[in-house]
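Visitor: Please read through the structure below; I'll follow up with questions.
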Amino acid sequence: MGIVDYAILGVTHPMELRALMNFAIWKDFRDIKAEDQWPTTHYNRESMKKCWEYLDLTSRSFARVIIELEGDLARTVCIFYLVLRALDTVEDDMTIHNSTKLPLLRSLHEKLYEPGWTFHESKERDKIVLEKFDDIQYEFSELKPEYQAVIVDICKKMGAGMADFAALATPEQPVAEVNSIADYDLYCHYVAGLVGEGLSGLFAASGKEREFIKDQLTLSNSMGLLLQKTNIFRDIHEDVIEGRGFWPRAIWSKYGFNSMKELIDPTREQQALWASSEMVLDALRHATDALDYMTLLKCQSVFNFVAIPAVMAIATLERTFMNPKIFKENVKIRKGETVRLILRATNPRDVAYIFREYARKIHAKVKIEDPNLLKLSIACGKIDQWAEHHYPSFINISAPSAGGRASSTIDPESTDARAALFLKLAKDAQEKAQREKSEKFMADLKARGVIKQKSPEEEAAIKAKYDEMEKEGAPWFMIGAVIFGVLALMGGLGWGVIWFIMKMYPDVSAFDIRYITREWY
(Lines give C-alpha, C1' and ligand atoms only; values in the text may rest on other atoms or scores of the structure.)
Protein backbone atom coordinates (compact mmCIF):
# COMPACT_ATOMS: atom_id res chain seq x y z
CA MET A 1 0.00 0.00 0.00
CA GLY A 2 1.25 3.47 -0.93
CA ILE A 3 0.83 6.79 0.87
CA VAL A 4 -2.29 7.60 -1.16
CA ASP A 5 -3.83 4.23 -0.25
CA TYR A 6 -3.18 4.86 3.45
CA ALA A 7 -4.67 8.35 3.17
CA ILE A 8 -7.82 6.96 1.53
CA LEU A 9 -8.02 4.23 4.18
CA GLY A 10 -7.73 6.88 6.90
CA VAL A 11 -10.78 8.65 5.49
CA THR A 12 -12.91 5.63 4.61
CA HIS A 13 -11.92 3.21 7.39
CA PRO A 14 -10.01 5.11 10.12
CA MET A 15 -10.19 2.23 12.63
CA GLU A 16 -8.45 -0.05 10.16
CA LEU A 17 -5.66 2.48 9.65
CA ARG A 18 -5.28 2.69 13.42
CA ALA A 19 -5.12 -1.11 13.61
CA LEU A 20 -2.38 -1.18 10.96
CA MET A 21 -0.34 1.35 12.90
CA ASN A 22 -0.77 -0.47 16.22
CA PHE A 23 0.11 -3.75 14.57
CA ALA A 24 3.27 -2.33 13.02
CA ILE A 25 4.40 -0.62 16.23
CA TRP A 26 3.39 -2.96 19.04
CA LYS A 27 2.94 -6.47 17.65
CA ASP A 28 5.72 -8.86 18.64
CA PHE A 29 6.55 -11.66 16.24
CA ARG A 30 8.45 -14.86 16.90
CA ASP A 31 11.78 -14.89 15.10
CA ILE A 32 12.36 -18.51 14.11
CA LYS A 33 15.80 -17.56 12.81
CA ALA A 34 16.99 -16.34 16.22
CA GLU A 35 19.60 -18.55 17.86
CA ASP A 36 17.61 -18.86 21.09
CA GLN A 37 14.76 -20.42 19.04
CA TRP A 38 16.91 -23.07 17.35
CA PRO A 39 16.23 -25.81 19.95
CA THR A 40 12.55 -25.87 18.84
CA THR A 41 12.56 -24.41 15.29
CA HIS A 42 15.77 -26.22 14.15
CA TYR A 43 16.40 -23.34 11.76
CA ASN A 44 20.12 -24.05 12.07
CA ARG A 45 19.58 -27.36 10.24
CA GLU A 46 19.74 -26.88 6.47
CA SER A 47 16.84 -29.18 5.60
CA MET A 48 14.53 -27.53 8.17
CA LYS A 49 15.60 -24.09 7.03
CA LYS A 50 14.46 -25.06 3.53
CA CYS A 51 11.15 -26.35 4.91
CA TRP A 52 10.49 -22.98 6.54
CA GLU A 53 11.18 -21.40 3.15
CA TYR A 54 8.79 -23.82 1.42
CA LEU A 55 6.14 -22.84 3.98
CA ASP A 56 6.54 -19.16 3.09
CA LEU A 57 6.29 -19.98 -0.63
CA THR A 58 3.17 -22.14 -0.44
CA SER A 59 1.10 -21.30 2.62
CA ARG A 60 0.12 -17.73 1.65
CA SER A 61 -2.07 -17.10 4.74
CA PHE A 62 -1.03 -19.76 7.25
CA ALA A 63 2.72 -19.19 7.50
CA ARG A 64 2.49 -16.37 10.04
CA VAL A 65 0.08 -18.12 12.43
CA ILE A 66 2.07 -21.38 12.21
CA ILE A 67 5.28 -19.62 13.22
CA GLU A 68 3.58 -18.14 16.30
CA LEU A 69 2.77 -21.58 17.77
CA GLU A 70 4.72 -22.31 20.95
CA GLY A 71 7.77 -24.55 21.16
CA ASP A 72 8.23 -27.43 18.73
CA LEU A 73 4.54 -27.34 17.78
CA ALA A 74 5.32 -24.71 15.12
CA ARG A 75 7.92 -26.96 13.44
CA THR A 76 5.58 -29.96 13.65
CA VAL A 77 2.64 -28.13 12.11
CA CYS A 78 4.98 -26.75 9.42
CA ILE A 79 5.91 -30.30 8.34
CA PHE A 80 2.27 -31.42 8.61
CA TYR A 81 1.22 -28.54 6.36
CA LEU A 82 3.90 -29.26 3.75
CA VAL A 83 2.98 -32.96 3.57
CA LEU A 84 -0.68 -32.09 3.01
CA ARG A 85 0.28 -29.37 0.55
CA ALA A 86 2.10 -32.05 -1.47
CA LEU A 87 -1.11 -34.10 -1.55
CA ASP A 88 -3.16 -31.07 -2.53
CA THR A 89 -0.71 -30.18 -5.31
CA VAL A 90 -1.04 -33.64 -6.83
CA GLU A 91 -4.83 -33.47 -6.63
CA ASP A 92 -5.08 -29.97 -8.16
CA ASP A 93 -2.70 -30.66 -11.05
CA MET A 94 -4.92 -31.32 -14.06
CA THR A 95 -1.85 -32.23 -16.19
CA ILE A 96 -1.15 -35.41 -14.19
CA HIS A 97 -3.05 -38.36 -15.69
CA ASN A 98 -5.18 -40.42 -13.34
CA SER A 99 -3.03 -43.48 -14.04
CA THR A 100 -0.26 -41.64 -12.17
CA LYS A 101 -2.30 -39.41 -9.89
CA LEU A 102 -4.49 -42.01 -8.17
CA PRO A 103 -1.71 -44.41 -7.08
CA LEU A 104 0.39 -41.45 -5.91
CA LEU A 105 -2.44 -40.01 -3.82
CA ARG A 106 -3.07 -43.40 -2.19
CA SER A 107 0.59 -44.05 -1.45
CA LEU A 108 2.06 -40.66 -0.58
CA HIS A 109 1.95 -41.49 3.16
CA GLU A 110 4.34 -44.36 2.42
CA LYS A 111 6.83 -41.93 0.83
CA LEU A 112 7.29 -40.40 4.28
CA TYR A 113 9.40 -43.45 5.08
CA GLU A 114 11.35 -43.41 1.79
CA PRO A 115 14.41 -41.15 2.12
CA GLY A 116 15.30 -39.30 -1.09
CA TRP A 117 11.91 -39.69 -2.84
CA THR A 118 10.84 -36.76 -5.05
CA PHE A 119 8.34 -36.11 -7.86
CA HIS A 120 9.06 -33.88 -10.87
CA GLU A 121 6.02 -34.26 -13.14
CA SER A 122 3.84 -31.55 -11.65
CA LYS A 123 3.17 -28.22 -13.37
CA GLU A 124 1.40 -26.63 -10.39
CA ARG A 125 2.75 -23.43 -8.82
CA ASP A 126 3.40 -25.27 -5.53
CA LYS A 127 5.32 -28.09 -7.20
CA ILE A 128 8.39 -27.32 -5.07
CA VAL A 129 6.94 -29.39 -2.21
CA LEU A 130 7.02 -32.42 -4.51
CA GLU A 131 10.35 -31.67 -6.12
CA LYS A 132 11.96 -31.13 -2.71
CA PHE A 133 9.98 -33.76 -0.85
CA ASP A 134 13.22 -35.37 0.37
CA ASP A 135 13.80 -32.38 2.69
CA ILE A 136 10.27 -32.70 4.05
CA GLN A 137 10.69 -36.46 4.49
CA TYR A 138 13.91 -36.04 6.45
CA GLU A 139 12.39 -33.48 8.82
CA PHE A 140 9.36 -35.73 9.25
CA SER A 141 11.68 -38.52 10.39
CA GLU A 142 13.11 -36.17 13.03
CA LEU A 143 9.73 -35.57 14.65
CA LYS A 144 8.56 -37.34 17.80
CA PRO A 145 6.89 -40.72 17.13
CA GLU A 146 3.54 -39.47 18.45
CA TYR A 147 3.62 -36.61 15.94
CA GLN A 148 4.59 -38.95 13.10
CA ALA A 149 1.67 -41.27 13.86
CA VAL A 150 -0.86 -38.44 13.57
CA ILE A 151 0.61 -37.07 10.31
CA VAL A 152 0.81 -40.48 8.60
CA ASP A 153 -2.75 -41.38 9.61
CA ILE A 154 -4.21 -38.14 8.26
CA CYS A 155 -2.09 -38.28 5.08
CA LYS A 156 -3.29 -41.82 4.36
CA LYS A 157 -6.98 -40.97 4.88
CA MET A 158 -6.78 -37.74 2.92
CA GLY A 159 -4.94 -39.32 -0.01
CA ALA A 160 -7.50 -42.12 -0.23
CA GLY A 161 -10.40 -39.66 -0.15
CA MET A 162 -8.87 -37.43 -2.81
CA ALA A 163 -8.21 -40.45 -5.01
CA ASP A 164 -11.82 -41.59 -4.68
CA PHE A 165 -13.10 -38.25 -5.97
CA ALA A 166 -10.45 -37.96 -8.69
CA ALA A 167 -11.42 -41.45 -9.91
CA LEU A 168 -14.89 -40.15 -10.79
CA ALA A 169 -13.42 -38.25 -13.75
CA THR A 170 -14.14 -39.57 -17.25
CA PRO A 171 -12.72 -38.77 -20.72
CA GLU A 172 -15.85 -36.76 -21.43
CA GLN A 173 -15.59 -34.99 -18.07
CA PRO A 174 -11.91 -34.89 -17.09
CA VAL A 175 -12.69 -33.03 -13.86
CA ALA A 176 -15.07 -34.82 -11.53
CA GLU A 177 -17.95 -32.71 -10.25
CA VAL A 178 -19.45 -32.83 -6.77
CA ASN A 179 -23.10 -33.77 -7.01
CA SER A 180 -25.00 -33.85 -3.72
CA ILE A 181 -24.54 -31.84 -0.51
CA ALA A 182 -23.49 -35.08 1.18
CA ASP A 183 -20.77 -35.56 -1.45
CA TYR A 184 -19.70 -31.95 -0.93
CA ASP A 185 -19.43 -32.48 2.83
CA LEU A 186 -17.47 -35.69 2.29
CA TYR A 187 -15.05 -34.05 -0.14
CA CYS A 188 -14.48 -31.13 2.24
CA HIS A 189 -13.97 -33.63 5.05
CA TYR A 190 -11.19 -35.34 3.11
CA VAL A 191 -9.38 -32.15 2.13
CA ALA A 192 -10.00 -30.00 5.23
CA GLY A 193 -11.96 -31.79 7.96
CA LEU A 194 -9.14 -34.31 8.31
CA VAL A 195 -6.74 -31.38 8.68
CA GLY A 196 -8.78 -30.23 11.67
CA GLU A 197 -8.70 -33.72 13.16
CA GLY A 198 -4.96 -33.97 12.61
CA LEU A 199 -4.29 -30.60 14.22
CA SER A 200 -6.36 -31.58 17.25
CA GLY A 201 -4.26 -34.75 17.51
CA LEU A 202 -1.04 -32.71 17.32
CA PHE A 203 -2.29 -30.22 19.91
CA ALA A 204 -3.03 -33.06 22.33
CA ALA A 205 0.25 -34.87 21.60
CA SER A 206 2.22 -31.68 22.29
CA GLY A 207 0.70 -31.29 25.73
CA LYS A 208 -0.39 -27.73 24.86
CA GLU A 209 -4.00 -28.83 24.92
CA ARG A 210 -5.89 -31.35 27.01
CA GLU A 211 -5.97 -34.96 25.89
CA PHE A 212 -9.70 -35.01 25.10
CA ILE A 213 -9.31 -32.43 22.32
CA LYS A 214 -8.14 -35.15 19.92
CA ASP A 215 -11.51 -36.92 20.35
CA GLN A 216 -13.58 -33.87 19.31
CA LEU A 217 -13.89 -35.18 15.76
CA THR A 218 -17.19 -33.48 14.87
CA LEU A 219 -16.05 -30.06 16.06
CA SER A 220 -12.60 -30.47 14.49
CA ASN A 221 -14.24 -31.46 11.20
CA SER A 222 -16.54 -28.42 11.31
CA MET A 223 -13.59 -26.09 11.84
CA GLY A 224 -11.99 -27.45 8.67
CA LEU A 225 -15.23 -27.38 6.68
CA LEU A 226 -15.92 -23.74 7.54
CA LEU A 227 -12.53 -22.69 6.17
CA GLN A 228 -12.62 -24.97 3.13
CA LYS A 229 -16.14 -24.05 2.07
CA THR A 230 -15.26 -20.37 2.38
CA ASN A 231 -12.27 -20.87 0.07
CA ILE A 232 -14.29 -22.91 -2.43
CA PHE A 233 -17.00 -20.26 -2.49
CA ARG A 234 -14.54 -17.37 -2.88
CA ASP A 235 -12.40 -19.07 -5.57
CA ILE A 236 -15.26 -19.82 -7.98
CA HIS A 237 -13.84 -17.69 -10.81
CA GLU A 238 -10.30 -19.09 -10.55
CA ASP A 239 -11.51 -22.70 -10.30
CA VAL A 240 -13.82 -22.44 -13.30
CA ILE A 241 -11.12 -20.79 -15.43
CA GLU A 242 -8.62 -23.53 -14.52
CA GLY A 243 -11.09 -26.33 -15.17
CA ARG A 244 -11.94 -27.28 -11.60
CA GLY A 245 -15.40 -27.41 -10.08
CA PHE A 246 -16.25 -27.85 -6.40
CA TRP A 247 -19.64 -26.17 -6.01
CA PRO A 248 -22.14 -29.05 -5.66
CA ARG A 249 -24.49 -29.62 -8.58
CA ALA A 250 -27.34 -29.94 -6.08
CA ILE A 251 -27.06 -26.19 -5.48
CA TRP A 252 -26.29 -24.56 -8.82
CA SER A 253 -28.55 -26.81 -10.89
CA LYS A 254 -31.57 -25.42 -8.98
CA TYR A 255 -31.09 -22.09 -10.71
CA GLY A 256 -31.08 -23.37 -14.29
CA PHE A 257 -27.35 -23.96 -14.83
CA ASN A 258 -26.13 -27.00 -16.77
CA SER A 259 -22.46 -26.59 -15.92
CA MET A 260 -20.29 -24.53 -13.59
CA LYS A 261 -18.89 -22.56 -16.52
CA GLU A 262 -22.30 -20.94 -16.91
CA LEU A 263 -21.97 -19.44 -13.42
CA ILE A 264 -19.50 -16.83 -14.66
CA ASP A 265 -21.70 -15.81 -17.60
CA PRO A 266 -22.42 -12.06 -17.06
CA THR A 267 -25.89 -12.40 -18.61
CA ARG A 268 -26.97 -14.81 -15.84
CA GLU A 269 -25.58 -12.90 -12.91
CA GLN A 270 -28.78 -12.82 -10.86
CA GLN A 271 -29.26 -16.60 -10.94
CA ALA A 272 -25.58 -17.05 -10.08
CA LEU A 273 -26.02 -14.77 -7.06
CA TRP A 274 -28.93 -16.90 -5.82
CA ALA A 275 -26.69 -19.96 -6.12
CA SER A 276 -23.90 -18.16 -4.27
CA SER A 277 -26.38 -17.22 -1.55
CA GLU A 278 -27.10 -20.90 -0.95
CA MET A 279 -23.38 -21.67 -0.88
CA VAL A 280 -22.93 -19.16 1.96
CA LEU A 281 -25.93 -20.66 3.73
CA ASP A 282 -24.26 -24.07 3.56
CA ALA A 283 -20.98 -22.71 4.95
CA LEU A 284 -22.74 -21.01 7.87
CA ARG A 285 -23.93 -24.44 9.06
CA HIS A 286 -20.51 -24.97 10.63
CA ALA A 287 -20.13 -21.61 12.40
CA THR A 288 -21.48 -22.57 15.82
CA ASP A 289 -19.51 -25.82 15.88
CA ALA A 290 -16.38 -23.78 15.19
CA LEU A 291 -17.24 -21.48 18.09
CA ASP A 292 -17.81 -24.51 20.34
CA TYR A 293 -14.39 -25.89 19.39
CA MET A 294 -12.60 -22.66 20.26
CA THR A 295 -14.12 -22.59 23.75
CA LEU A 296 -12.25 -25.86 24.49
CA LEU A 297 -8.77 -24.45 23.83
CA LYS A 298 -6.59 -23.28 26.73
CA CYS A 299 -3.22 -22.45 25.11
CA GLN A 300 -3.13 -18.86 23.82
CA SER A 301 -0.92 -19.54 20.80
CA VAL A 302 -3.08 -22.51 19.77
CA PHE A 303 -6.22 -20.42 20.20
CA ASN A 304 -4.76 -17.66 18.01
CA PHE A 305 -3.76 -20.25 15.40
CA VAL A 306 -7.37 -21.51 15.22
CA ALA A 307 -9.25 -18.25 15.76
CA ILE A 308 -7.50 -16.03 13.22
CA PRO A 309 -8.38 -18.16 10.13
CA ALA A 310 -11.90 -18.58 11.52
CA VAL A 311 -12.62 -14.84 11.81
CA MET A 312 -11.04 -14.35 8.37
CA ALA A 313 -13.47 -16.93 7.02
CA ILE A 314 -16.60 -15.29 8.43
CA ALA A 315 -15.38 -11.87 7.25
CA THR A 316 -14.71 -13.30 3.76
CA LEU A 317 -18.20 -14.81 3.63
CA GLU A 318 -19.65 -11.39 4.44
CA ARG A 319 -17.49 -9.60 1.88
CA THR A 320 -18.32 -12.08 -0.91
CA PHE A 321 -22.00 -12.59 -0.05
CA MET A 322 -24.23 -11.27 -2.85
CA ASN A 323 -21.13 -9.79 -4.47
CA PRO A 324 -21.10 -10.25 -8.26
CA LYS A 325 -17.35 -9.57 -8.35
CA ILE A 326 -16.64 -13.16 -7.24
CA PHE A 327 -17.64 -14.33 -10.72
CA LYS A 328 -15.05 -12.02 -12.28
CA GLU A 329 -12.11 -11.97 -9.89
CA ASN A 330 -10.77 -13.18 -6.54
CA VAL A 331 -12.36 -11.02 -3.84
CA LYS A 332 -10.45 -10.56 -0.58
CA ILE A 333 -10.98 -8.58 2.61
CA ARG A 334 -8.94 -5.42 3.08
CA LYS A 335 -5.51 -5.59 4.68
CA GLY A 336 -6.57 -3.15 7.40
CA GLU A 337 -9.62 -5.26 8.18
CA THR A 338 -7.42 -8.35 8.36
CA VAL A 339 -5.07 -6.74 10.87
CA ARG A 340 -7.96 -5.45 12.95
CA LEU A 341 -9.43 -8.95 13.13
CA ILE A 342 -6.05 -10.39 14.17
CA LEU A 343 -5.80 -7.88 17.02
CA ARG A 344 -9.35 -8.59 18.19
CA ALA A 345 -9.39 -12.40 17.96
CA THR A 346 -7.66 -13.13 21.26
CA ASN A 347 -10.36 -14.87 23.32
CA PRO A 348 -13.58 -16.86 22.75
CA ARG A 349 -15.85 -13.97 23.78
CA ASP A 350 -14.41 -11.48 21.30
CA VAL A 351 -14.35 -14.10 18.55
CA ALA A 352 -18.03 -14.85 19.22
CA TYR A 353 -18.83 -11.14 18.95
CA ILE A 354 -16.89 -10.96 15.65
CA PHE A 355 -18.95 -13.86 14.28
CA ARG A 356 -22.14 -12.15 15.47
CA GLU A 357 -21.10 -8.84 13.90
CA TYR A 358 -20.49 -10.38 10.47
CA ALA A 359 -23.56 -12.62 10.69
CA ARG A 360 -25.66 -9.50 11.18
CA LYS A 361 -23.99 -7.86 8.19
CA ILE A 362 -24.75 -10.92 6.06
CA HIS A 363 -28.36 -10.85 7.22
CA ALA A 364 -28.62 -7.16 6.35
CA LYS A 365 -27.55 -7.98 2.77
CA VAL A 366 -30.22 -10.64 2.23
CA LYS A 367 -32.72 -9.48 -0.37
CA ILE A 368 -36.41 -10.10 -0.01
CA GLU A 369 -36.41 -11.89 -3.39
CA ASP A 370 -33.72 -14.34 -2.25
CA PRO A 371 -35.07 -17.92 -2.34
CA ASN A 372 -32.98 -18.62 0.76
CA LEU A 373 -34.25 -15.62 2.75
CA LEU A 374 -35.79 -17.56 5.61
CA LYS A 375 -32.99 -20.13 5.91
CA LEU A 376 -30.32 -17.44 5.87
CA SER A 377 -32.17 -15.51 8.57
CA ILE A 378 -32.26 -18.63 10.73
CA ALA A 379 -28.58 -19.40 10.13
CA CYS A 380 -27.51 -15.88 11.08
CA GLY A 381 -29.88 -15.93 14.05
CA LYS A 382 -28.26 -19.11 15.36
CA ILE A 383 -24.87 -17.42 15.43
CA ASP A 384 -26.35 -14.39 17.19
CA GLN A 385 -28.13 -16.65 19.67
CA TRP A 386 -24.97 -18.66 20.36
CA ALA A 387 -22.96 -15.53 21.13
CA GLU A 388 -25.65 -14.05 23.37
CA HIS A 389 -26.21 -17.34 25.21
CA HIS A 390 -22.54 -17.95 26.00
CA TYR A 391 -21.43 -14.32 26.41
CA PRO A 392 -24.44 -12.09 27.34
CA SER A 393 -23.99 -8.55 26.08
CA PHE A 394 -25.38 -6.98 29.28
CA ILE A 395 -22.33 -8.19 31.21
CA ASN A 396 -19.38 -5.82 31.13
CA ILE A 397 -15.91 -7.33 31.49
CA SER A 398 -13.11 -5.05 32.62
CA ALA A 399 -9.46 -5.68 31.83
CA PRO A 400 -7.41 -7.10 34.71
CA SER A 401 -5.08 -4.84 36.64
CA ALA A 402 -1.41 -5.71 36.97
CA GLY A 403 -1.19 -9.16 38.46
CA GLY A 404 -4.97 -9.30 38.94
CA ARG A 405 -7.88 -10.97 37.24
CA ALA A 406 -10.57 -9.64 34.93
CA SER A 407 -13.82 -8.67 36.65
CA SER A 408 -17.37 -8.69 35.35
CA THR A 409 -20.31 -6.45 36.21
CA ILE A 410 -23.91 -6.18 35.05
CA ASP A 411 -24.68 -3.08 33.02
CA PRO A 412 -27.30 -1.22 35.10
CA GLU A 413 -28.43 0.80 32.07
CA SER A 414 -29.11 -2.25 29.92
CA THR A 415 -32.68 -2.68 28.65
CA ASP A 416 -32.21 -6.45 28.54
CA ALA A 417 -34.81 -8.14 30.78
CA ARG A 418 -32.16 -10.56 32.01
CA ALA A 419 -30.12 -7.66 33.39
CA ALA A 420 -32.95 -6.65 35.76
CA LEU A 421 -33.37 -10.27 36.82
CA PHE A 422 -29.67 -10.72 37.50
CA LEU A 423 -29.54 -7.43 39.44
CA LYS A 424 -32.46 -8.61 41.62
CA LEU A 425 -30.78 -11.97 42.18
CA ALA A 426 -27.54 -10.21 43.10
CA LYS A 427 -29.38 -7.92 45.54
CA ASP A 428 -31.19 -10.87 47.12
CA ALA A 429 -27.91 -12.74 47.47
CA GLN A 430 -26.28 -9.71 49.10
CA GLU A 431 -29.17 -9.28 51.56
CA LYS A 432 -29.07 -12.97 52.39
CA ALA A 433 -25.34 -12.78 53.05
CA GLN A 434 -25.82 -9.77 55.35
CA ARG A 435 -28.66 -11.53 57.18
CA GLU A 436 -26.58 -14.65 57.70
CA LYS A 437 -23.65 -12.55 58.94
CA SER A 438 -25.89 -10.76 61.45
CA GLU A 439 -27.42 -14.02 62.66
CA LYS A 440 -23.96 -15.53 63.07
CA PHE A 441 -22.81 -12.49 65.07
CA MET A 442 -25.84 -12.65 67.38
CA ALA A 443 -25.41 -16.38 67.83
CA ASP A 444 -21.79 -15.79 68.83
CA LEU A 445 -22.82 -13.16 71.42
CA LYS A 446 -25.42 -15.50 72.87
CA ALA A 447 -22.94 -18.35 73.03
CA ARG A 448 -20.51 -16.17 75.00
CA GLY A 449 -23.26 -15.03 77.40
CA VAL A 450 -23.16 -11.37 76.35
CA ILE A 451 -26.82 -11.59 75.41
CA LYS A 452 -29.10 -13.64 77.62
CA GLN A 453 -30.83 -16.40 75.76
CA LYS A 454 -34.59 -15.98 76.00
CA SER A 455 -36.96 -18.87 76.11
CA PRO A 456 -39.40 -19.37 73.24
CA GLU A 457 -42.25 -18.23 75.55
CA GLU A 458 -40.44 -14.96 76.37
CA GLU A 459 -39.66 -14.25 72.73
CA ALA A 460 -43.28 -14.97 71.83
CA ALA A 461 -44.52 -12.55 74.52
CA ILE A 462 -42.16 -9.79 73.35
CA LYS A 463 -43.25 -10.32 69.78
CA ALA A 464 -46.91 -10.20 70.78
CA LYS A 465 -46.33 -6.93 72.68
CA TYR A 466 -44.68 -5.28 69.68
CA ASP A 467 -47.40 -6.56 67.37
CA GLU A 468 -50.04 -5.05 69.66
CA MET A 469 -48.22 -1.71 69.71
CA GLU A 470 -48.07 -1.70 65.92
CA LYS A 471 -51.81 -2.38 65.72
CA GLU A 472 -52.67 0.45 68.15
CA GLY A 473 -50.70 2.91 66.09
CA ALA A 474 -48.68 5.86 67.34
CA PRO A 475 -49.49 7.18 70.95
CA TRP A 476 -50.49 10.70 69.87
CA PHE A 477 -51.74 11.77 73.34
CA MET A 478 -48.40 10.92 74.94
CA ILE A 479 -46.50 12.74 72.19
CA GLY A 480 -48.68 15.87 72.62
CA ALA A 481 -48.23 15.81 76.37
CA VAL A 482 -44.43 15.64 76.04
CA ILE A 483 -44.38 18.57 73.60
CA PHE A 484 -46.66 20.65 75.90
CA GLY A 485 -44.46 19.84 78.90
CA VAL A 486 -41.31 20.95 77.07
CA LEU A 487 -42.90 24.24 76.02
CA ALA A 488 -44.19 24.86 79.57
CA LEU A 489 -40.77 24.21 81.01
CA MET A 490 -39.13 26.65 78.60
CA GLY A 491 -41.74 29.32 79.42
CA GLY A 492 -41.29 28.80 83.14
CA LEU A 493 -37.54 29.14 82.88
CA GLY A 494 -37.96 32.43 80.96
CA TRP A 495 -40.29 33.96 83.52
CA GLY A 496 -38.03 32.73 86.30
CA VAL A 497 -35.11 34.63 84.83
CA ILE A 498 -37.20 37.85 84.60
CA TRP A 499 -38.37 37.50 88.19
CA PHE A 500 -34.80 36.98 89.39
CA ILE A 501 -33.56 40.14 87.63
CA MET A 502 -36.39 42.31 88.96
CA LYS A 503 -35.84 40.98 92.47
CA MET A 504 -32.12 41.59 92.48
CA TYR A 505 -32.17 44.87 90.56
CA PRO A 506 -35.38 46.79 91.42
CA ASP A 507 -34.17 49.91 89.52
CA VAL A 508 -34.08 48.07 86.19
CA SER A 509 -36.90 49.09 83.88
CA ALA A 510 -39.05 46.80 81.80
CA PHE A 511 -37.29 48.11 78.70
CA ASP A 512 -33.91 47.13 80.08
CA ILE A 513 -35.20 43.68 80.95
CA ARG A 514 -36.43 43.19 77.37
CA TYR A 515 -33.04 44.33 76.11
CA ILE A 516 -31.12 41.96 78.45
CA THR A 517 -33.28 38.99 77.69
CA ARG A 518 -32.94 39.68 73.95
CA GLU A 519 -29.15 39.67 74.29
CA TRP A 520 -29.26 36.41 76.26
CA TYR A 521 -31.57 34.68 73.96
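The values are calculated or read from the model by the stated rules, or taken from the named source; none is laboratory data. Nothing here was measured: the structure is a model prediction, and the numbers come from that model. So basically every Cβ, Gly included, is an ideal-geometry build from the backbone, and we count neighbours across all protein chains shown. Keep in mind that these areas ignore ligands, DNA and RNA; they rest on the heavy atoms of the full protein, side chains included. Shrake-Rupley method; radii C 1.70, N 1.55, O 1.52, S 1.80 Å.
Each row is one residue, and each column tells you yes or no for (1) in contact with a Phe, Trp or Tyr (Cβ under 8 Å, 6 or more places away or on another chain); (2) at pLDDT below 95.
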position	(1), (2)
K101	no, yes
E121	no, yes
R125	no, yes
F140	no, no
Q148	yes, no
V152	no, no
G161	yes, yes
P171	no, yes
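Visitor: Say whether the condition of being within 18 Å of E142 (Cα to Cα), open to solvent by 40 Å² or more (accessible area, probe 1.4 Å) and without any contact (Cβ under 8 Å) to a residue 12 or more places away in the chain is met by at least one residue in the range 54-61.
Guide: Within the range 54-61, not a single residue is within 18 Å of E142 (Cα to Cα), open to solvent by 40 Å² or more (accessible area, probe 1.4 Å) and without any contact (Cβ under 8 Å) to a residue 12 or more places away in the chain.
Visitor: Are there any helices (runs of 4 or more DSSP H) wholly within the range 181-281 with 1 or more residues that are open to solvent by 40 Å² or more (accessible area, probe 1.4 Å) and of a type in the set (D, E), and if so which?
Guide: It comes to 181-188, 236-241.
Visitor: Give the range 64-85 a look and list any residue that's open to solvent by less than 10 Å² (accessible area, probe 1.4 Å) and not in a loop (DSSP other than H, G, I, E, B), or say none.
Guide: Selection gives I66, L73, A74, T76, V77, C78, I79, F80, L82, V83.
Visitor: Another question, if that's okay. For the range 86-107, does any single residue satisfy the condition of being closer than 19 Å to E146 by Cβ and buried (at least 18 other Cβ atoms within 10 Å of the Cβ)? First the steps, then the outcome.
Guide: So in the range 86-107, the residues closer than 19 Å to E146 by Cβ come out as none.
No, the conditions are met nowhere in the range 86-107.
Visitor: Next up: Can you confirm whether F511 is at pLDDT 75 or above, among the aromatic types (F, W, Y) and loosely packed, with under 11 Cβ neighbours inside 10 Å?
Guide: no
Visitor: Follow-up question, since we're still on this one. Which of the following residues is part of a helix (DSSP H, G or I) and at pLDDT below 85: K382, K437, K375, K446?
Guide: One residue alone meets the criteria, K446.
Visitor: Within the range 28-44, restricting attention to residues that are in a loop (DSSP other than H, G, I, E, B), of a type outside the set (A, V, I, L, M) and without any contact (Cβ under 8 Å) to a residue 60 or more places away in the chain, which residue is surrounded by the most Cβ atoms within 10 Å (Cβ to Cβ)?
Guide: Y43
Visitor: Which number in (1) touching a residue at least 60 places away in the same chain (Cβ under 8 Å); (2) in contact with a Lys or Arg (Cβ under 6 Å, 6 or more places away or on another chain); (3) closer than 23 Å to I378 by Cα marks the one condition that D292 misses?
Guide: Exception for D292: condition (2).
Visitor: Any residue in the range 110-127 that's under 20 Å from I96 (Cα atoms) and in contact (Cβ under 8 Å) with a residue 60 or more places away in the chain: show its pairings with residues that are open to solvent by less than 100 Å² (accessible area, probe 1.4 Å) and assigned to a loop (DSSP other than H, G, I, E, B) at Cβ separation under 6 Å, as long as the two are six or more apart or on different chains.
Guide: Matching pairs, first to second residue: none at all.
Visitor: Considering the range 362-372 alone, what residues qualify as being touching a Leu at 6+ places or on another chain (Cβ under 8 Å) and either surrounded by fewer than 16 Cβ atoms within 10 Å (Cβ to Cβ) or part of a loop (DSSP other than H, G, I, E, B) (or both)?
Guide: V366, K367, D370, N372
Visitor: Here's something else I'd like to know. Return only the number of the condition from (1) more than 30 Å from L281 (Cα to Cα); (2) open to solvent by less than 10 Å² (accessible area, probe 1.4 Å); (3) over 28 Å from the mean Cα position of the chain (by Cα) that V178 does not satisfy.
Guide: For V178, the exception is condition (1).
Visitor: Still on this structure, I have one more. Quick check on my filter: what residues within the range 71-122 are within 35 Å of the chain's Cα centre (by Cα) and closer than 15 Å to S141 by Cβ?
Guide: Residues satisfying the conditions are D72, R75, T76, C78, I79, F80, L82, V83, H109.
Condition check ((1) of a type in the set (G, A, S); (2) more than 26 Å from K298 (Cα to Cα); (3) in contact with a strand residue (DSSP E or B) (Cβ under 7 Å, 6 or more places away or on another chain)) across all residues:
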| residue | (1), (2), (3) |
| --- | --- |
| S180 | yes, yes, no |
| D185 | no, yes, no |
| L194 | no, no, no |
| G201 | yes, no, no |
| S206 | yes, no, no |
| D215 | no, no, no |
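Visitor: Starting from residues that are part of a loop (DSSP other than H, G, I, E, B) and polar (S, T, N, Q), keep the ones in the range 308-350 and report whichever is least open to solvent (accessible area, probe 1.4 Å).
Guide: Top of the filtered list is N323.
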